[in-house]
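Remarks on the structure that follows.
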2 protein chains.
Amino acid sequence: MAKQNPDLSLLFHALSDPTRRMMLTRLAQGPAPVSELAGPTGLRLPTVMRHLSVLEGAGLVATQKDGRVRSCAIVPEALAPMRDWLDEQRALWEARLDRLDDYVMTLMKEPK
Amino acid sequence: MAKQNPDLSLLFHALSDPTRRMMLTRLAQGPAPVSELAGPTGLRLPTVMRHLSVLEGAGLVATQKDGRVRSCAIVPEALAPMRDWLDEQRALWEARLDRLDDYVMTLMKEPK
DNA sequence: GTGATACTTAGCGATATGGCTAAACAAAAC
DNA sequence: GTTTTGTTTAGCCATATCGCTAAGTATCAC
């Protein structure tokens, strides 16, 4: 089986961890250095670094180093593929429900 | 750290695998027995069963057994929490951008 | 230049994940 | 009642994930 949309896999996987979602939510309020990101999690810095790199790998967060401080910021457009998938999926389901409607209508109009 | 929304974690995790997304997409066309679900994946049945139970655990799929056949169907409303999270997150980001605008405006209006 | 600060790298341990085969089970089909 | 069909369970293997500590490295403050 082909890999088909590894982006989505990375994205969903990045979001599947509460710590990472917490970090994202914090970053939604504005950029922050790594330690400030780590604070609320109660986790050690290396652990947080790992989560951060997962978020970066998924394209959800961009970072840059300023002196000895690494500043982290959210990448708003990164969620677009997820939204697209969601919409596409909903469209498929609705199409199915429509076809089901048609089918039922056909049955009802069936002579006898 | 508290667990905060394990539902979301389950949901995102379930969606982070291409095989599971493929299965979902197939199910969007209508209910299917396990073997039909397995076919396109090229994976063995026990493997597919595992994926299926992850999807079930996340509430994305409901199944029922009819004789020796297990019929699987999508649960459309299961994606709602994800959509909510997405919207909430977008709201946060937009709020932030608004505040940034305000800040910039304040700076511009600052008398000297 | 010495020390504190802010990461960063290396590496370990426990558990989870994703694939498999082999063997069991249960309902149909014959 | 035996065989086929459609799962299901048990268990193995390789790799990935998530936490940690300990020991770097690189700036900044004195």
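Exactly one condition in (1) modelled with pLDDT of 90 or more; (2) open to solvent by 30 Å² or more (accessible area, probe 1.4 Å); (3) more than 8 Å from DNA strand D (Cβ to nearest atom); (4) of a type in the set (D, E, K, R) is not met by B:R70; state its number.
The number of the failed condition is (3).
Just to check your reading of the model, which residue among B:R20, B:R44, B:R50, B:R70 is of a type in the set (K, R) and within 10 Å of chain A (Cβ to nearest Cβ)?
The unique qualifying residue is B:R20.
Which of the residues belonging to the range B:50-75 are assigned to a strand (DSSP E or B) and either out of contact with any helix residue (DSSP H, G or I) (no Cβ under 7 Å at 6 or more places or on another chain) or of a type in the set (A, V, I, L, M, F, W, C) (or both)?
Once the filter is applied, which keeps residues that are assigned to a strand (DSSP E or B) and either out of contact with any helix residue (DSSP H, G or I) (no Cβ under 7 Å at 6 or more places or on another chain) or of a type in the set (A, V, I, L, M, F, W, C) (or both), the range B:50-75 yields B:V61, B:A62, B:Q64, B:K65, B:D66, B:V69, B:S71, B:C72, B:A73, B:I74.
Might you check whether a residue that is in contact with a Cys (Cβ under 8 Å, 6 or more places away or on another chain) and among the polar types (S, T, N, Q) occurs anywhere in the range B:21-38?
no
Got at least one residue in the range B:46-56 being within 14 Å of DNA strand D (Cβ to nearest atom), open to solvent by 40 Å² or more (accessible area, probe 1.4 Å) and touching a His at 6+ places or on another chain (Cβ under 8 Å)?
Looking for residues that are within 14 Å of DNA strand D (Cβ to nearest atom), open to solvent by 40 Å² or more (accessible area, probe 1.4 Å) and touching a His at 6+ places or on another chain (Cβ under 8 Å), one finds at least one in the range B:46-56, hence yes.
Report yes if B:L8 is at pLDDT below 95, within 22 Å of A:L10 (Cβ to Cβ), within 16 Å of DNA strand C (Cβ to nearest atom) and buried (at least 17 other Cβ atoms within 10 Å of the Cβ), otherwise no.
yes
Name, by its number, the condition in (1) touching a His at 6+ places or on another chain (Cβ under 6 Å); (2) more than 16 Å from DNA strand D (Cβ to nearest atom) that does not hold for B:A91.
Only one criterion is unmet by B:A91, namely (1).
Within the range B:86-97, is there a residue that is charged (D, E, K, R), buried (at least 16 other Cβ atoms within 10 Å of the Cβ), within 18 Å of A:I74 (Cβ to Cβ) and more than 16 Å from DNA strand C (Cβ to nearest atom)?
Yes - at least one qualifying residue is present in the range B:86-97.
So, B:A14, is that one open to solvent by less than 40 Å² (accessible area, probe 1.4 Å) and more than 12 Å from DNA strand D (Cβ to nearest atom) or not?
So B:A14 fits the description; yes.
State all residues of the range A:23-38 that are away from chain B (no Cβ under 11 Å) and in a helix (DSSP H, G or I); if no residue qualifies, say none.
Filtering the range A:23-38 for residues away from chain B (no Cβ under 11 Å) gives A:23, A:32-38.
Across the range A:23-38, the qualifying residues are A:M23, A:V34, A:S35, A:E36, A:L37, A:A38.
The values are calculated or read from the model by the stated rules, or taken from the named source; none is laboratory data. None of these values were measured; they are calculated from a predicted model. Neighbour counts are summed over all protein chains in view; Cβ atoms, including those assigned to glycine, are modelled from backbone coordinates with ideal geometry. Calculation scope for accessible area: heavy atoms of the full protein, side chains included, ligands and nucleic acids excluded. Shrake-Rupley method; radii C 1.70, N 1.55, O 1.52, S 1.80 Å.
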